[in-house]
Each structure stands twice: as structure tokens, then as C-alpha cells.
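Any read-out appearing in this document is the output of simple, stated calculations on the displayed coordinates, not a laboratory observation. From a predicted model like this one, the values you see are computed outputs, not experimental measurements. All Cβ positions, even for glycine, are placed from backbone atoms using ideal geometry, and neighbour counts span all protein chains on display.
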Amino acid sequence: MKSMFRKYVIIDSTPILFSNDLIHASVADAYLGKVKSAGFFLVAKNNLNMEVICFGESTSLKIKSRPQIDAAIILRFLKELN
């Protein structure tokens, strides 16, 4: 199973996914809209399916993740890319 760990911000209902090298607040400042949540996510995939796990919080934005809600938003976004 292949996995990758990254950061995210949900602005309105749009996920912004980015590298761990960037700061949540810096990324959020580049977009218009209300930050709903932020944290970290892990994508685990095998040949049959993909799972997204969200956790943590952004200390720079002082906002927590919403694990189940955010995971569903990010998973839908990633599936639309494929």
C-alpha cells in the first residue's frame, strides 16, 4: 500500500492540498474565502480503493481539522482528478 502525508486547508468547501514545507497561514492568505478547517492528511491507496485520513490542526491559523468531514471533501476532490 502506497501512502503520502501532506497539509491541507479547506476554504469554503474547497480543499487546498500542499507540501509540508509550506505554512498553513501562508497558503490560506493566497486565497479568498473563509477557512473552515486545516490540518494534515494521509492518502492510503491500493489497487482497489483510496482512503483519506485527516488529523491535527494548524497552529498558524489556530484552527482544527474536522477529520470525517475533511476526509470526505478531500477524497471527492482527488477522485475528480482521476
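So in the stretch 68-78, with the set limited to residues that are over 15 Å from residue 35 (Cα atoms) and not aliphatic (A, V, I, L, M), which one is surrounded by the most Cβ atoms within 10 Å (Cβ to Cβ)?
In the first step, residues of the stretch 68-78 are kept if they are over 15 Å from residue 35 (Cα atoms); the result is 68, 71-72, 75-78.
Now drop any that are not not aliphatic (A, V, I, L, M), which leaves 68, 76-77.
On the way: 68: 9, 76: 12, 77: 17.
Step by step, filter the stretch 68-78, then rank; the result is 77.
Give the residues of the stretch 32-64 that are of a type outside the set (A, V, I, L, M, F, W, C), free of Cβ contacts under 8 Å to residues at least 40 places away in the same chain and either more than 21 Å from residue 80 (Cα to Cα) or touching a Lys or Arg at 6+ places or on another chain (Cβ under 9 Å) (or both), sorted by residue number.
Within the stretch 32-64, 33, 34, 36, 37, 39, 51, 56, 57, 59, 60, 62, 64 qualify.
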